[in-house]
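Remarks on the structure that follows.
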Amino acid sequence: MLASGPVPPVLRFFVTGCASGIGRHLAGVLLAAGHQVFATDLDDAALRAHAGAWPPDRAHTHRLDVSQADAWELVFAEAVRTMGGVDVLCNVAGYLLPGRVGDYTTEVVHRHFDVNTKGVVFGTQVAARHMRARGEGHIINIASLAALAPVPGIALYSASKYAVRGFSLAAAQELRQHGVAVTVICPDAVDTPMLDMQVDHDAAAMTFSGSRFLSVDDISTAILKRALPKRPLEIYLPRSRALLARLADLFPRTALWLRPMLERRGRARQAAMQRLRQPTRN
């Protein structure tokens, strides 16, 4: 049983969103630590290109559209056959497009909830059935600090991540009696291509209002050093911004007072990043 304590030497991970950003980095870190990884992404070509540098005996790749429940069933079953089981599911894949509430297209509304919310729900469901039968396992879902305090300009992303957090905490209560842990990780803005694409969106000013961006290594470290050995319900990154987010969640009018100052700070940082922009990462 995957009890709290030192992480076993080899675990079998199923990870989504591995073609770029957090998922790509996490897969590499897990493989470097000696684990087996079944890495998935909608962008199969980019995923396979990155996988060329991974150890072929422990790295497995497969295309997965997380918004499709049937695809989850088929691909997860393939992972179980390939690795002999799945010990840890990491739901990392995400989608974000800044915009104002009245301007979102129907397609963009669906995409946020299809990927961010339904993708996590479908993945958690299929993993829960597998892990429940084994009496052990760990599901790690990536939410956001935007799941603690609503963020204007990325309202759909914030709402979809609120749902991820709520679903994860409820699932944790249900699955605990079966030996399965659920941890939801709520990070602030992370320096990834998802952050890069927001630089030119005025609506996304709040995204840039912090004093620094988290790195992909901050997320992988939180998973390896905190989530896996301690199996907490929630992890907030960084704690200083989490306190501000929780304050805004408890007292919503606080956000109304703080918004002008945070948006000014965010726009100034956006402008600085536009001036110093480097070539887009992949």
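Residue pairs whose Cβ atoms lie under 6 Å apart, sitting 6 or more positions apart in sequence or on different chains, and linking a residue in the stretch 1-29 that is under 22 Å from Phe122 (Cα atoms) to a partner that is modelled with pLDDT under 95, are Arg24/His50. In this structure, Arg176 does not satisfy being surrounded by fewer than 22 Cβ atoms within 10 Å (Cβ to Cβ) and part of a loop (DSSP other than H, G, I, E, B).
Inspection of the stretch 94-116 identifies at least one residue that is open to solvent by 30 Å² or more (accessible area, probe 1.4 Å), of a type in the set (Asp, Glu) and either touching a strand residue (DSSP E or B) at 6+ places or on another chain (Cβ under 8 Å) or touching a residue at least 12 places away in the same chain (Cβ under 8 Å) (or both). Of the numbered criteria (1) open to solvent by less than 70 Å² (accessible area, probe 1.4 Å); (2) farther than 27 Å from Leu31 by Cα; (3) not hydroxyl-bearing (Ser, Thr, Tyr), the one Val80 fails is (2). Please enumerate the residues belonging to the stretch 129-162 that are open to solvent by 10 Å² or more (accessible area, probe 1.4 Å), part of a helix (DSSP H, G or I) and farther than 18 Å from Pro232 by Cβ. Within the stretch 129-162, Arg129, His130, Arg132, Ala133, Arg134, Ala155, Leu156, Tyr157, Ala159, Tyr162 qualify.
Considering only the stretch 108-117, I want to know if a residue exists there that is of a type in the set (A, V, I, L, M, F, W, C), more than 17 Å from the chain's Cα centre (by Cα) and over 20 Å from Met197 (Cβ atoms). No, that holds for no residue.
Per-residue answers, yes or no, for (1) in a loop (DSSP other than H, G, I, E, B); (2) hydroxyl-bearing (Ser, Thr, Tyr); (3) open to solvent by less than 30 Å² (accessible area, probe 1.4 Å); (4) over 30 Å from Leu237 (Cα atoms):
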residue	(1), (2), (3), (4)
His25	no, no, no, no
Val37	no, no, yes, no
Leu47	no, no, yes, no
Pro56	yes, no, no, yes
Ser67	yes, yes, yes, no
Trp72	no, no, yes, no
Phe76	no, no, yes, no
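Only one entry of Ala204, Ala245, Ala181 meets the criterion of being small (Gly, Ala, Ser), surrounded by 16 or more Cβ atoms within 10 Å (Cβ to Cβ) and in contact with a Pro (Cβ under 6 Å, 6 or more places away or on another chain), and that entry is Ala204. In the stretch 241-282, the residue that is modelled with the highest pLDDT out of those that are under 24 Å from the mean Cα position of the chain (by Cα) and polar (S, T, N, Q) is Gln270. Can you name the residue in the stretch 227-240 that is assigned to a helix (DSSP H, G or I) and open to solvent by 50 Å² or more (accessible area, probe 1.4 Å) and is also modelled with the highest pLDDT among such residues? Step by step, filter the stretch 227-240, then rank; the result is Lys230.
If the requirement is being assigned to a helix (DSSP H, G or I), under 23 Å from Glu263 (Cβ atoms) and either out of contact with any Ser or Thr (no Cβ under 8 Å at 6 or more places or on another chain) or not acidic (Asp, Glu) (or both), which of these qualifies: Val115, Val108, Val120, Val101?
Exactly one residue qualifies, and that residue is Val108.
Quick one: which residue in Thr183, Thr221, Thr254 is outside any loop (DSSP other than H, G, I, E, B), in contact (Cβ under 8 Å) with a residue 40 or more places away in the chain and closer than 18 Å to Leu145 by Cα? Outline the logic, then answer.
On the way: Thr221 fails: in contact (Cβ under 8 Å) with a residue 40 or more places away in the chain; Thr254 fails: in contact (Cβ under 8 Å) with a residue 40 or more places away in the chain.
That would be Thr183, the only listed residue that is outside any loop (DSSP other than H, G, I, E, B), in contact (Cβ under 8 Å) with a residue 40 or more places away in the chain and closer than 18 Å to Leu145 by Cα.
The values are calculated or read from the model by the stated rules, or taken from the named source; none is laboratory data. Because the structure is a prediction, the values reported are computed rather than measured. When we count neighbours, we look across all protein chains shown, and the Cβ atoms used for this are built from the backbone with ideal geometry, even at glycine. Just so you know, the surface numbers come from the protein's heavy atoms only, side chains and all, with ligands and any DNA or RNA stripped out. Shrake-Rupley method; radii C 1.70, N 1.55, O 1.52, S 1.80 Å.
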